[in-house]
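Input: a single structure, listed below in structure tokens.
Nothing in this text is a laboratory measurement; each read-out follows from the coordinates by a stated rule. Since we're looking at a predicted model, the values are computed, not measured. Neighbour counts are summed over all protein chains in view; Cβ atoms, including those assigned to glycine, are modelled from backbone coordinates with ideal geometry.
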Amino acid sequence: MSPGWIRVGDVALWVKGRGRKIDVEGIPVAVFWDGTSWTALDDTCPHMGASLADGRLFGKELQCSWHEWRYDRTTGQCPLRPWARVNVHEVRIEAGGVWIKRVEPAPPPPVAGVPEDDPEWLNWDPERYFKKK
């Protein structure tokens with residue numbers, strides 16, 4: 001594989017339609033195989049921080065398991081909320097392995113509105129919910 005690609009596991013580890021959370025250089029990425037194609041998106045849902053690897057595929061969309069927010073598998077955009085988006089990562093299959101293109105932080109694209117303007121947005125504090133006791 002060419003430089004810039006990271007092997008994240010064997011193809012045999014994936015079950016059709018189920019996601020796996022993979023750490024790519026410290027960034028959690030949800031990787032799915034639908035039986036035909038592969039999808040890799042940032043693992044954290046922008047709504048309330050759920051793991052998208054626990055979500056379900058619906059055609060060209062990935063649905064979060066917590067509150068059913070959906071994201072386009074090719075663009076990462078939530079179709080109903082212009083401010084909600086996750087990064088999409090390139091996937092290649094080679095020699096029985098699943099490869100993800102090295103994750104490079106990208107600035108978020110400009111979008112209309114902000115979470116606080118959305119009545120469906122729930123203001124939350126991840127430290128409060130995930131604090132170890």
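ARG56 versus GLU90, label points 7 Å from Cα toward the beta carbon: distance in nm?
3.3 nm
Give me a comma-separated list of calculated 3J(HN,Hα) values for the range 71-79, in order, Karplus coefficients 6.51, -1.76, 1.60 applied at θ = phi - 60°, integers in Hz, x for any Gly or Pro.
Residue by residue, the range 71-79 yields 9, 5, 6, 9, 10, x, 7, 7, x Hz.
Under the Karplus relation 6.51 cos²θ - 1.76 cosθ + 1.60, θ = phi - 60°, what is the ordered set of whole-Hz ³J(HN,Hα) values for the range 13-23, x standing for Gly and Pro?
Rounded to whole hertz, the list is 6, 8, 9, 3, x, 10, x, 10, 8, 10, 8.
Please compute the net charge surrounding TRP99, taking Lys and Arg as +1 and Asp and Glu as -1 over other residues with Cβ under 9 Å from its Cβ.
Charge balance in the 9 Å sphere: +1.
Given 20 °C and 1.002 mPa s, how large is the Stokes-Einstein diffusion coefficient of the range 23-99 in µm²/s, with Rh as the Kirkwood radius over Cα pairs?
170 µm²/s
Can you give the Rg to Rh ratio for the range 3-48, taking only C-alpha atoms and Rh from Kirkwood?
Dividing the radius of gyration by the Kirkwood radius yields 0.98.
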